[in-house]
Amino acid sequence: MLRLGLNALAISKLKKSYGNKPALRGVSLTVEAGEIYGFLGPNGAGKTTTIRCIMDFMRPDGGEIKVLDSDAQKNSVAVKKLIGFLPADNQLYEKWTTRDHINFVTSIRGAANVDKLVKRLDLDPRKQVRHLSTGNKQKVGLILALLGDPKLLILDEPTRGLDPLLQHEIYAILKEYVAGGGTVFLSSHNLAEVEHICSNVGVLRAGEIVASKSMSEILAMNVHIVTASFRGDKKPADLKIVGAETISSANGHVVLKVRGDINPVIAKLAAYELADVEIAHAPLEEIFMEYYRGPS
Amino acid sequence: MMSIIKKEFLAKRTSLLVYCLVVFGLLWMYIGIYPSIQAQSAALSKVLEGLGPAVRAFGVSQISFDTLEKYLSLELFGITWPILMITFVAARAGQSIAGETEKGTLGTVLSLPISRYNIFLSKYLAGLTALIIFVAVTVFSGIPIAQAFHIAHNSANFASLSVLCLLFSWSLYSLGMLFSTVFNEKGHVYLALGGILMVMYVANIIAGISSKFSWLRLISLFHFFNAAEVLINNQTNSASYIVFNAVIVFATLAGLFWFAHKDVIV
């Protein structure tokens, strides 16, 4: 979907293979400046490969990546000045302290005052990284990504393995960053996180973008879970309704997942003597599973 | 660029210090005990001569201890120094890029606004600086140590040997850096460099034993590392300098090109 406004990130027909195995099959997406974009997909879908191509760690076989209108491969050095990056497997120098890491990155990216952020994240900058917990290492990674006033933050599963308190602190920092004019491109498996902070999402499956929508469009998708219990002689053992998928059916009790208009399902159920019926919006996981699983 | 050179150099300063101290200690010890060895020079030379021509296959050209240079070329620079230098160089090159790829820390450097050429050259220069210090401490320092023990020596020969040792170790370091860009694990770098050196060493020995296979010398860098000739007679072989410089230029450019174009999975 094309959106008006400046694109912080524009990927067009990106292709990448590992040997003969294609990992990305023409990925295209746009991230508007000033938004938090959620990049979703099952394991092995190609999320990290896409990020590696954006960061110029890997060279695409085809396609184009532009960061704030600058080619990410041709102008790699200039583009990296605009990007703050937090990898999924955030590996730091074990013998260095947080302060050593900050000094090293600022010596290249330019001076930055991060003492406030270090204090806010309750981090002891004198401790060696090897003595830090996973959560604290992630805090160091986030601080490093924010150094040098980047215009675009690329975060690969930034809250993986973190406790809810720290997760919420990171969400707050990201929201403040975006309020200050930054853009976030965030890969995640945490759907609650995506729902909480992302304004737009792209779903990648088997190296292809299968959905690119705003969060409100995703939430407005008509997917319902219908739970019905039946009374009397008629047992809907083979209840077949177009647009409805039977999740379970036993002992006069049926659970259906309904995509789109719910009225035909209600009309069909009305033909039976119901003991109870419950209609609920499908949780976000169910909606994303539709994309993750793909056509059966 | 200076930030990466400084980071690389400081990160491995302990190993540099240890290697320098160990080899400097050996040099100090060998020179320190030389006067008593010199006193028994004739008897020891007879024993070594008794081993026959096979000894020469191992790079020993003059079996005598009547000068400090002859003694050191046999005791230290024949095999001990090359082995220690090779382990130093392999460890340095292996950890530089392949080691960082293996650990995943290369991602931190690659995500910064520096070109890959600058990253490679910064790491390369940091290692080369360490190598120059290593050679200065372990070869060139033979001059002040000999002076400290009041032992007759030829300073010009030690200076020439320092240049030869630097070029030999630099060429191996350049090969190691090339392998470090090609492989993603430092173990593979050690294996590749160690394997090639092993083949070269064996080729040099075979060439020394059999005149039929004397051409094998030409594929061995050990043949061009004629430390004994340089230390004893100050006879420098221009072919050695040409070969070492050619290896340095080729391996450095190949490593630079490979690193700039490879996919890095971190």
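Points to keep in mind about this one:
- For region A:68-91, filtered to residues that are farther than 15 Å from B:Leu112 by Cα and either assigned to a helix (DSSP H, G or I) or under 20 Å from the mean Cα position of the chain (by Cα) (or both), the residue that is nearest to the other protein chains (Cβ to nearest Cβ) is A:Asp89.
- Scan region B:174-225 for residues that are more than 23 Å from B:Phe257 (Cβ to Cβ), over 20 Å from the mean Cα position of the chain (by Cα) and in a helix (DSSP H, G or I) and the total you get is 10.
Residue by residue, here is whether (1) of a type in the set (Val, Ile, Thr); (2) in contact with a strand residue (DSSP E or B) (Cβ under 8 Å, 6 or more places away or on another chain); (3) away from chain A (no Cβ under 14 Å) holds:
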position: B:Lys70; (1), (2), (3): no, no, yes
position: B:Glu75; (1), (2), (3): no, no, yes
position: B:Met85; (1), (2), (3): no, no, yes
position: B:Val89; (1), (2), (3): yes, no, yes
position: B:Arg92; (1), (2), (3): no, no, yes
position: B:Gly99; (1), (2), (3): no, no, no
position: B:Glu102; (1), (2), (3): no, no, no
position: B:Leu106; (1), (2), (3): no, no, no
position: B:Val109; (1), (2), (3): yes, no, no
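- Residue within region B:231-248 that is within 30 Å of A:Met58 (Cα to Cα) and touching a residue at least 24 places away in the same chain (Cβ under 8 Å) present: yes
- When A:Lys13 is tested against (1) at pLDDT 95 or above; (2) not in a strand (DSSP E or B), exactly one condition is not met: (2).
For every residue, the table says whether it meets (1) among the hydrophobic types (A, V, I, L, M, F, W, C); (2) assigned to a helix (DSSP H, G or I); (3) within 30 Å of B:Met1 (Cα to Cα).
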{"residue": "B:Leu125", "(1), (2), (3)": "yes, yes, yes"}
{"residue": "B:Leu128", "(1), (2), (3)": "yes, yes, yes"}
{"residue": "B:Ile133", "(1), (2), (3)": "yes, yes, yes"}
{"residue": "B:Val139", "(1), (2), (3)": "yes, yes, yes"}
{"residue": "B:Pro144", "(1), (2), (3)": "no, yes, no"}
{"residue": "B:His153", "(1), (2), (3)": "no, no, no"}
{"residue": "B:Asn157", "(1), (2), (3)": "no, yes, no"}
{"residue": "B:Leu161", "(1), (2), (3)": "yes, yes, no"}
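- Any hit, region A:281-291, residues being over 29 Å from the mean Cα position of the chain (by Cα) and either in a loop (DSSP other than H, G, I, E, B) or modelled with pLDDT of 75 or more (or both): no
- Enumeration of residues in region B:8-33 that are among the β-branched types (Val, Ile, Thr) and within 14 Å of another protein chain (Cβ to nearest Cβ): B:Thr14
- Subset of region A:40-67 that is among the small types (Gly, Ala, Ser) and within 21 Å of the chain's Cα centre (by Cα) - its residue that is farthest from the other protein chains (Cβ to nearest Cβ): A:Gly41
The values are calculated or read from the model by the stated rules, or taken from the named source; none is laboratory data. A quick note: this is a predicted structure, and the numbers were derived from the prediction, not measured. Backbone-built Cβ (ideal geometry, glycine too); neighbour counts: all protein chains shown.
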